[in-house]
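Trainee: If you scroll down you'll find the structure; I have some questions about it.
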Amino acid sequence: MKRLLSAALLALVATVANSAVIYNNGNPDIQNGYPIGGSTYTADDFTIVAGGTVRSVGFYFQNYQGITGWDNAISYGIYADTAGAFGSQLASGSGLNVTPTLSSFPWCCGGGNAWLVEFDLQSDFVAAAGTTYWLSLSGAGGSSPWWVTAPLNGLYSSISSGGTIWGTDVAFYLSDDTIGNGGNVPEPGSLALLGLGLAGLAALRHRRT
């Protein structure tokens, strides 16, 4: 039993170690979702305190049919910040190696849990330390595609293509790893599982002693 637990923990540690989240805007809540279909975009701000190179994005997605009908297309843009609004566009493109995975987080509005969607940027984006940027998503197909909300945590709230301030954040994270090279980032729950596993291993050792 101890050997099996140790092996499982080593595998989980390796998975977590391979992840490289450099910014996390929060997990999905059950409040809402905002449109990212076609040319309609939703955007939210991010600031990487120590700076870093963004190579992939993970965001939480859902539609009323439980992702049915989505063609795995997603477009992104990264913008400079100008007093809490979009400034100049710094990067844009279509997501590469788009990988949807059903998450364990419930969504507010039907269709089951939110989907974690990861994709690579077309080109690396180097974020300066302590500088605020905006990430926008659009171009998703299917019926009513939504970017799922997260609890408020940032300097600014998310905004829409019409300039509406939604009053909440959206759920996403940024990584300096790539999805195409097998660098899928585990859900944040993996860290909790790792903690439980370590506690179990410690208990087994104590019992043996």
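Trainee: Kindly provide the pair-distance distribution of segment 29-112 built from C-alpha pairs, with 10 Å bins from 0 and whole-percent values in order of increasing distance.
Mentor: 13, 43, 34, 10
Trainee: What ³J(HN,Hα) values, in whole Hz, does the Karplus curve 6.51 cos²θ - 1.76 cosθ + 1.60 give for segment 79-89 when θ = phi - 60°, with x put for Gly and Pro?
Mentor: Taking θ as phi minus 60°, the curve returns 10, 6, 9, 10, 6, x, 9, 4, x, 6, 6 Hz for segment 79-89.
Trainee: Quick one: which residues, 5 or more positions from THR178 or on another chain, have an amide H under 5 Å from its amide H? H modelled 1.01 Å from N in the peptide plane, none for Pro or chain starts.
Mentor: Sorted by chain and number, the residues that satisfy this are GLY183.
Trainee: I need the phi-derived Karplus couplings for segment 35-43: 6.51 cos²θ - 1.76 cosθ + 1.60, θ = phi - 60°, integer Hz, Gly and Pro marked x.
Mentor: Karplus values, whole Hz, x for Gly and Pro: x, 9, x, x, 8, 6, 10, 10, 9.
Trainee: Normalised by the number of residues in segment 70-189, what is the relative contact order in percent for Cα pairs under 8 Å and 6+ residues apart?
Mentor: Worked out over segment 70-189, it gives 26 percent.
Trainee: Give the relative contact order (percent, whole number) for segment 89-149; include only Cα pairs under 8 Å separated by 6+ residues. Can you show the working numbers first?
Mentor: Values: 50 pairs, mean separation 18.7, N = 61.
Result for segment 89-149 is 31 percent.
Trainee: Something else: Skipping prolines and chain starts, which residues have an amide H placed within reach, meaning under 5 Å, of the one on LEU90, given they are 5 or more residues away or on another chain?
Mentor: Sorted by chain and number, the residues that satisfy this are ILE78, TYR79, ALA80.
Trainee: Residues of segment 140-177 with amide nitrogen under 17 Å from the 7 Å Cα-to-Cβ point of ALA85?
Mentor: Within reach of a label on ALA85: 156-167.
Trainee: Given 4 °C and 1.567 mPa s, compute D for segment 98-187 with the Stokes-Einstein relation, Rh being the Kirkwood radius over Cα pairs; round to the nearest whole µm²/s. Could the numbers behind the result be given before it?
Mentor: On the way: Rh = 15.2 Å.
Approximately 85 µm²/s, per Stokes-Einstein.
Trainee: Now for a different question. Quick check: net charge around ILE159, other residues with Cβ under 12 Å of its Cβ, Lys/Arg +1 and Asp/Glu -1? Walk me through the intermediate numbers first.
Mentor: Working: positive: none; negative: ASP44, ASP45, ASP81, ASP169.
That works out to -4.
Trainee: Moving on. Can you list residues from other chains, or at least 5 along the same chain, whose modelled amide H is less than 5 Å from the amide H of GLY26?
Mentor: Answer set, sorted by chain and number: PHE172.
Trainee: At 1.4 Å probe radius, can you tell me the per residue accessible area of segment 83-183 in Å²? Write out the running numbers ahead of the final one.
Mentor: Numbers: 4100 Å² over 101 residues.
Using a 1.4 Å probe on heavy atoms only, each residue of segment 83-183 averages 41 Å².
The values are calculated or read from the model by the stated rules, or taken from the named source; none is laboratory data. The model shown is predicted, which means the values in this text are computed figures rather than measured ones. Note: ideal-geometry Cβ built from the backbone for every residue, glycine included; neighbour counts use all protein chains shown. Only protein heavy atoms, including side chains, enter the accessible area calculation; ligands, DNA and RNA are left aside. Shrake-Rupley method; radii C 1.70, N 1.55, O 1.52, S 1.80 Å.
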